[in-house]
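In what follows, a structure is listed as structure tokens, so that the remarks can point back to it.
The values are calculated or read from the model by the stated rules, or taken from the named source; none is laboratory data. Since the model is a prediction, treat every value here as computed from it, not as a measurement. Backbone-built Cβ (ideal geometry, glycine too); neighbour counts: all protein chains shown.
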Amino acid sequence: MRTPLPLVTLLFLALSAGAAIDAQIGNPITSNPIPAPITKRGLTVEIRDVVRLPDTRGLRPAAEDVVPAGWARVSYVRDLPDGRRFANDSRGLLYLLDRNNQPSVYANVGAAFPFAVYNRLESGFIGFDFHPEFTRNGLFYTVHGERAMGNPAMPDFIPPGFTRADVTYHNVITEWHAANPAANTFVGTRRELLRVAHVVSNLTHPFGHLEFNPTSKPGAPDYGLLYTSGSDLGFSNGGGRNASNPTQTQRLDTVIGAILRIDPRSPSVSGGMKGLGDYTIPAINKFAADGDPKTLGEIYAYGFRNAHRLSWDLTDGTMFASDIGMNNIEEINIVREGNNYGWMKREGIFENGVTRPGGALNQLYPLPAEILDGRMKDGFTYPVAMYDHSEGQSVTGGFAYHGRIPALRGKFVFGDIVRGRVFVADLAAMKKADDGIPQTVAPVEEIQLCVRDAGGNRTYVTFRELIEATNGATVTRADLHLSRSRDGELFLTSRQDGMIRMLVPDSSGTATAAARR
């Protein structure tokens, strides 16, 4: 057993002292489950505007659109190997950015889907990715949400115990085939891969991410396989007979709470095993090869609440997932195939109260000491970095950074969606924390952002302040999201102001009087 990192040791000594008392009397942890605060310790990074996507607030009828509407709702920026750059507006547009980062519409995705839903920031055309051989085969993939009412399409999957009468929304993954991959405007065909049912009242936690493993090379078993986000599809807090049911996210016969890995080729092309939809289950998947007909072979890992973003360390292939918690804990997890990440029985390194008679989802209980220190295994995989809701409310996706900014090299950069805080954790510490000992987690530090005026002077800002300055109005939700460029640099976007920004090296300058917080 290794010795935990010093800062983590201090954190858990404080935490465990109170936890031991609570464990003896069986009381929940009532506040501040992670006492050590996240601090700024001089890590300063400059942020610059790249481009603002067009204002699309009138694109959808007011009755359909989210309030407050905001500008273009940017979720992702993606670079192709040929140098082209793309970004989405979840109101239904996929933009191509030219060499000066000026946008033009590449594809009107929303026009193809008359039942699409746009009434939440996480709705609409929310995710996309290009096949690693797009420049040759012209294939890219999108995910969007649709309403079930009046929709003639039948879901490929409805959660166990429910029927079509319970279905409220659909999560739809589509393959697009560009006739000319080099063209700057899409012309081609599309094919539906998967349609999964929501059975809750709101389109909460839809499928929002599609990703090919960027470290996988031609000829590797994982090459060309498509991963999805791992979402409970709103099941955790959906109300009715689906609320507070810890068994749903712990099953292997449902996609609820599971990251999926699929071969997007139709079985009619691949000759392989058919999945829930028109795609192939990779023979290499653990649950495809387990010989159990009750497990879905598509499942890569499970037990997530909303692992809404996935990424890989480009140096060694480590896979990360950012899992949005319920009432208390936000997590970064290292994802291993076949592993169970605990939701709804675990939240962070705690037991969730819903597992106890009379308990509730907003309660946490300390784990027994023998589980915390790794002497006893309970079958769950625990986070390698985390923070509680005294620090934020909803974790963003993040990336292992190996780019041009010296201060960020060797760190995992992420943040909080709602408050807009930008965080880092040491990559080496995170990987060491993937040791089966729940209490060893990497410390988290906050980045101080700065902007530079024409004279080279710095002003220290928050991401939320940048959005408010751009919009000329206050926002209650920063809606921070991160993307990675082809050369490893990081974009920061928000679905509130349509601006694409980039982190850049912080050159020397004179801080203004408005200064460091």
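What the table shows:
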quantity: Subset of region 119-135 that is in a loop (DSSP other than H, G, I, E, B) and in contact with a helix residue (DSSP H, G or I) (Cβ under 8 Å, 6 or more places away or on another chain) - its residue that is surrounded by the most Cβ atoms within 10 Å (Cβ to Cβ); calculated: G124
quantity: Selection count, region 478-506, where residues are surrounded by fewer than 20 Cβ atoms within 10 Å (Cβ to Cβ) and among the hydroxyl-bearing types (S, T, Y); calculated: 1
quantity: Strands (runs of 3 or more DSSP E) wholly inside region 52-115 that include at least 1 residues being acidic (D, E); calculated: 77-79, 85-89
quantity: From the options V66, V109, V50, residue that is in contact (Cβ under 8 Å) with a residue 12 or more places away in the chain and either of a type in the set (S, T, Y) or within 26 Å of E133 (Cβ to Cβ) (or both); calculated: V109
quantity: Which listed residue is in contact with a Gly (Cβ under 7 Å, 6 or more places away or on another chain) and within 30 Å of P443 (Cβ to Cβ), from G317, G342; calculated: G342
quantity: Test: residue in region 504-517 that is small (G, A, S), modelled with pLDDT under 95 and in contact with a Cys (Cβ under 9 Å, 6 or more places away or on another chain); calculated: yes
quantity: Which listed residue, of G338, G358, G317, is part of a loop (DSSP other than H, G, I, E, B), more than 17 Å from A433 (Cβ to Cβ) and either modelled with pLDDT under 95 or among the charged types (D, E, K, R) (or both); calculated: G358
quantity: Hits in region 36-58 (condition: surrounded by fewer than 18 Cβ atoms within 10 Å (Cβ to Cβ) and more than 27 Å from R409 (Cα to Cα)); calculated: R52, P54, D55, R57, G58
quantity: Condition met for Y141 (assigned to a strand (DSSP E or B) and hydroxyl-bearing (S, T, Y)); calculated: yes
quantity: Single residue of region 175-203 satisfying the filter (hydroxyl-bearing (S, T, Y) and free of Cβ contacts under 8 Å to residues at least 40 places away in the same chain) that is nearest to P114 (Cα to Cα); calculated: T189
quantity: Qualifying residue in region 85-103 (condition: among the small types (G, A, S), surrounded by fewer than 22 Cβ atoms within 10 Å (Cβ to Cβ) and in contact (Cβ under 8 Å) with a residue 24 or more places away in the chain); calculated: no
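A quick yes/no check of all residues on (1) of a type in the set (D, E, K, R); (2) farther than 30 Å from L361 by Cβ; (3) within 20 Å of the chain's Cα centre (by Cα):
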site: H170; (1), (2), (3): no, no, yes
site: W176; (1), (2), (3): no, yes, no
site: N184; (1), (2), (3): no, yes, no
site: E192; (1), (2), (3): yes, yes, no
site: V200; (1), (2), (3): no, no, no
site: F207; (1), (2), (3): no, no, yes
site: E211; (1), (2), (3): yes, no, yes
site: P214; (1), (2), (3): no, yes, yes
